[in-house]
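As structure tokens, the structure follows; a few thoughts come after it.
Readers should treat all values here as calculations from the given coordinates under stated rules, not as data from a laboratory. Given the structure is predicted, the values throughout are model-derived calculations rather than measurements. Reconstructed Cβ throughout: ideal geometry from the backbone, glycine too, with neighbour counts over all protein chains shown.
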Amino acid sequence: MKKRKVQKTYQEINEKIRQRKVVVVTAEEMIDIVERHGEVEAARKVDIVTTGTFGPMCSSGAFLNFGHTSPRLKAMKVWLNDVPAYGGIAAVDCYIGATEVVEGDPLNSVHPGEFNYGGGHVIEDLVAGNSIRLRAEGYGTDCYPARRSERNITLRDLRDAILFNPRNAYQNYSCAVNQSDKAIYTYMGVIRPRMANANYSTSGQLSPLFNDPYYMTIGIGTRIFLGGAQGFVAWPGTQHNPRVTRGENGVPKSGAGTLAAIGNLKNMSPEWLVGASMLGYGVSLYVGLGIPIPILNEEIARYTAVKDEDIYTQIYDYGKDYPHGGELKSLGEVSYKALRSGKIVVNNKEIPTAPLSSYYKARQIAEILKNWIEKGEFILGEPQELLPSDGLPQTR
């Protein structure tokens, strides 16, 4: 390995933040800087690159502690606005999952076409300050004699509320089409028959893990933008799989990395945690997440200049191949530049594209994070252990 010409530390960059001397740019801005000045000079000029993504992240949820009743109750079954939460933790703790649906009519079959309600909406209602109906049941013990409790609560009434998302910020995600003869209703939205549309869900060149493809700066303890507040990377996300085919500049061509994220729900905003109803599928939660990438050297500077035309993903048939499991057969690769253009060509057919994620909101997150850092309100968190890369943990 050749010797790096630029080498910075977290401590040096954080001191610049405290002194208001730090240079911060967004991932979009970094593309032009590297093109004009080269990666070495860009690494000298820039200290931090901010990223962002805003899209449905099904593997999300919140731990809630709703406090003891009188007499005390060991809540084994819990519902929040009739959405079941998992109560098998402790007496008055529960976990509400983003994709849990209201009990009794998960797909709203009585009123087809109308929105269904679930855990993602409960989380949004809580951060919006709305009242939630809490219902809890127990079996009665000597120390917890009560068997039932029901009351209205708000986020302020909760002793603790912790957003904990086991799998967020997927490094890359597939493009979904449907070669069957009927419309299908999926977590990727409604996909029309005979490849009449193509849906995708990643913010491309702004997406956090595309800007650090080998996780050289991201790991346990990394401070992030999460749901409108400051949060942390808690662990590698479920399904984290860095051993995939990579293209130019290390960018993976399929799923690859994920992260688990944690933060104080009481500090978050309904602008950045939004319940979603997927017609015919169920519910999810749109999560706003952004990561600052410290420019420790010119190699990282080069990675943060990744462009949509250099990022490729796989096109999969969600009508025939996906439901049956097993290894999916790619119908081809497509760049994010093509996806964001509004149309792609698959098997000689032009297909309109639509994103589930919001590039506009991702850009806002990168700008907000940039502003926080420039004002000295956000200090970099140095990871205690980096996310596993190529299957091997990277210990600092």
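Computed about the Cα centre, the dipole magnitude for the range 61-163 is approximately 460 debye when only Lys and Arg (+1) and Asp and Glu (-1) carry charge, each at its Cβ. Listed by chain and number, the lysines whose alpha-carbon sits under 28 Å from that of LYS74, ignoring those within fewer than 8 places in the same chain, are LYS266. Projecting the Cα atoms of GLY119, VAL102, GLN230 onto the dipole axis of the chain, where Lys and Arg carry +1 and Asp and Glu carry -1 at the beta carbon, places GLN230 farthest toward the positive end. Residue order for ASP317, ASP212, ASP82, fewest other beta carbons within 10 angstrom first, comes to ASP82, ASP317, ASP212. Full extension of the segment from ARG243 to SER70, taken as 0.36 nm per residue of separation minus the current Cα-Cα distance, would add 57.0 nm.
Here the chain is assigned +1 on the Cβ of each Lys and Arg and -1 on the Cβ of each Asp and Glu. Its dipole about the Cα centre then comes out at about 440 debye. Of the peptides 119-126, 91-98, the order by per-residue mean of other Cβ atoms within 10 Å, starting with the highest, comes out as 119-126, 91-98. Between GLY247, GLY275, GLY290, where does the largest GNM mean-square fluctuation fall for the chain, given springs only between Cα atoms within less than 10 Å? Of GLY247, GLY275, GLY290, the most mobile in the Gaussian network model is GLY247. Across the cross-link table entries LYS307/LYS329; LYS343/LYS375; LYS45/LYS375, which are compared at the Cα atoms, the separations over 30 Å belong to LYS343/LYS375. Build a GNM of the chain with springs between Cα atoms under 10 Å: which of ALA338, ALA256, ALA75 gets the top mean-square fluctuation? Maximum fluctuation in the GNM of the chain, among the listed residues, is at ALA338. Residues of the range 55-78 falling in the label zone of LEU328, defined by backbone nitrogen less than 15 Å from a point 7 Å along Cα to beta-carbon, are 58. Distance from the alpha carbon centroid of the range 142-212 to that of the range 223-253 works out to 16 angstrom.
Full extension of the chain between ASN152 and GLU309 gives 51.5 nm of extra length, using 0.36 nm per residue less the Cα-Cα distance.
Which of TYR303, TYR360, TYR215 ends up with the largest GNM mean-square fluctuation for the chain, with Cα atoms connected below 10 Å? Highest fluctuation among the options: TYR360. Let me know the shape class of the chain, please: from the alpha-carbon gyration tensor, a ≥ b ≥ c as square roots of the eigenvalues, rounded when a/c is under 1.5, otherwise prolate if a/b is greater than b/c, or oblate. Taking the square roots of the gyration eigenvalues as a ≥ b ≥ c, the chain is oblate. Sorting the segments 186-192, 380-386, 140-146 by their mean number of nearby beta carbons within 10 angstrom, highest to lowest, gives 186-192, 380-386, 140-146. When the Cα positions of SER60, TYR316, GLN205 are compared along the charge dipole of the chain, GLN205 comes out farthest toward the positive end, with charges on each C-beta of Lys, Arg, Asp and Glu.
Packing around the peptides 163-171, 365-373, taken as the average count of other Cβ atoms within 10 Å per residue, puts them in this order, highest first: 163-171, 365-373.
Against the main long axis of the alpha-carbon atoms of the chain, helix 27-45 sits at an angle near 50°.
Using a/c under 1.5 as the rounded threshold, could you call the range 61-163 rounded, prolate or oblate? The axes a ≥ b ≥ c are square roots of the C-alpha gyration tensor eigenvalues, and prolate needs a/b larger than b/c, oblate otherwise. Prolate is the answer for the range 61-163, as a/c is 1.5 or above and a/b outweighs b/c.
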